[in-house]
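Enquirer: Sharing a structure, written as structure tokens. Questions coming.
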Amino acid sequence: MSLRHAGLGGLEVNGGRAVVGAAVTLARLGRDERLTVLRPVVESIASPTIRNLATVAGNLFVRQPYGDLAVALLALDAEVSVEGSAGKASRPVAAVLEDGVAPRQLVTAVAFDVPDPGRWFYTKAMRRRQNSASIVTVAAVVLVEDGQVASARIALGGAGARPVRAVSAEAALTGRPFDRPHVEQAAHAALDDASPFDDAYASAWYGRRVLPVHVRRALLGEGG
Ligand SMILES: Cc1cc2nc3c(=O)[nH]c(=O)nc-3n(C[C@H](O)[C@H](O)[C@H](O)COP(=O)(O)OP(=O)(O)OC[C@H]3O[C@@H](n4cnc5c(N)ncnc54)[C@H](O)[C@@H]3O)c2cc1C
């Protein structure tokens, strides 16, 4: 069933809050000048041809190691609007990634606060520069106040059956200086939150070896 003409193609950004219709394509998301922080996410996904068809809502439901936008939306703590015969509701993206949506329910939009570029971190390790699934995807929003991390939301892809929050890494970072030694500690702590799996792109063993490296690179802005 195509939702292309179902009226779910709106894209608004007001007062720093983005509301993106479920049927907005990844290509359109990546072109939007108000959402340039998300461009590296979009450009890390598949190929331009796929991005012309793939939708924001569809990316929430693809299996890992796909679903890089879903990882970003988890780090952004997005709200997902759903609608069905029982009416409309809003659910945290984490709940939708965990449980899906009910039968006869559709995602209609996702909403999130657009992060300042200096607070947004993203990297995706993959076998090729284009058209490759994730080995590890890391997305994070980190707020630093007075030289210390006031809050951190770090999400991982390729690190389990679904995108996960790296809560151990978040705890290791919060309240501490945002510097290399503390980032390295947090990156190792992220292993407690991850369950990498064997697939055609990487073994679980390799996934565990490289996960802290990519968390560190993402947070220090050293991602490729
Ligand atoms: C060759 C290839 C490479 C890819 N590489 C990557 C990659 O590197 N990174 C990445 O993130 N993704 C990747 N993808 C996935 C791609 O980006 C899309 O997310 C995916 O194909 C889903 O496409 P779609 O939006 O057309 O959703 P569909 O295929 O139409 O739907 C996918 C699922 O979502 C459900 N769904 C869709 N819309 C809604 C809605 N509004 N409400 C409720 N349920 C809904 C459908 O029922 C279905 O279960 C790749 C896909 C392909 C084919």
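Enquirer: Using only Cα atoms, find the angle between the long axis of helix 204-219 and the longest principal axis of the chain, and express it within 0 to 90 degrees, rounded to the nearest 10.
Expert: With both axes taken from Cα atoms, the answer is about 90 degrees.
Enquirer: Relative contact order of the chain: what whole-number percent is it, with Cα pairs under 8 angstrom and at least 6 residues apart? It would help to have the intermediate numbers written out before the result.
Expert: Working: 484 pairs, mean separation 38.1, N = 224.
Value for the chain: 17 percent.
Enquirer: Let me ask something else. Where in the chain is the longest stretch that carries no trypsin sites (Lys or Arg not before Pro) classed as loop by DSSP and with at most 12 other Cβ atoms within 10 Å? Before the final figure, lay out each step's value.
Expert: Numbers: sites that count: Arg4, Arg63, Arg104, Arg127, Arg128, Arg129.
The reported range is 130-224.
Enquirer: Something else: Rounded, prolate or oblate for segment 83-154? Axes are the square roots of the Cα gyration tensor eigenvalues, ordered a ≥ b ≥ c, and the cut-off for rounded is a/c under 1.5. It would help to have the intermediate numbers written out before the result.
Expert: On the way: a/c = 2.89, a/b = 1.40, b/c = 2.06.
Since a/c reaches 1.5 but b/c is at least a/b, the shape of segment 83-154 is classed as oblate.
Enquirer: Ignoring ligands, DNA and RNA, please state the percent of accessible area on segment 1-146 from carbon and sulfur, probe 1.4 Å. Don't skip to the end; give the middle numbers.
Expert: Working: 3620 of 7240 Å².
Using a 1.4 Å probe with all protein chains present, segment 1-146 comes out at 50 percent carbon and sulfur.
Enquirer: At 1.4 Å probe size, with every protein chain present, just tell me what the per residue accessible area of the chain comes to in Å². Could you put the intermediate results ahead of the total?
Expert: Working: 10870 Å² over 224 residues.
Per-residue value: 49 Å².
Enquirer: On a C-alpha basis, how far is the centre of segment 41-104 from the centre of segment 113-175 in Å? Whole number, if you could?
Expert: 17
Enquirer: Between rounded, prolate and oblate, where does segment 66-224 land on the alpha carbon gyration tensor, with a ≥ b ≥ c its root eigenvalues, rounded for a/c under 1.5, else prolate if a/b exceeds b/c? Spell out each step's value before the answer.
Expert: Numbers: a/c = 2.05, a/b = 1.31, b/c = 1.57.
Oblate is the answer for segment 66-224, as a/c is 1.5 or above yet b/c matches or exceeds a/b.
Enquirer: I would also like to ask the following. By the scheme Lys and Arg +1, Asp and Glu -1, what is the net charge of all other residues having a beta-carbon under 12 Å from that of Val144? Don't jump to the answer; show the numbers that get you there.
Expert: On the way: positive: Arg119, Arg176; negative: Asp116, Glu145, Asp146, Asp179.
Residues near Val144 contribute -2 overall.
Enquirer: Would you mind checking the tilt of helix 180-189 against the longest principal axis of the Cα atoms of the chain, expressed as 0 to 90 degrees and rounded to 10?
Expert: 60
Enquirer: Let a ≥ b ≥ c be the square roots of the eigenvalues of the Cα gyration tensor of segment 183-224; is it rounded (a/c under 1.5), or, if not, prolate (a/b larger than b/c) or oblate? Write down the numbers at each step before the final one.
Expert: On the way: a/c = 3.20, a/b = 1.53, b/c = 2.09.
Note, shape of segment 183-224 comes out oblate.
The values are calculated or read from the model by the stated rules, or taken from the named source; none is laboratory data. These numbers come from a predicted model, not from an experiment. Positions of Cβ are backbone-derived with ideal geometry, glycine not excepted, and every protein chain shown enters the neighbour counts. Areas reflect the complete protein model, heavy atoms only, side chains present, ligands, DNA and RNA absent. Shrake-Rupley method; radii C 1.70, N 1.55, O 1.52, S 1.80 Å.
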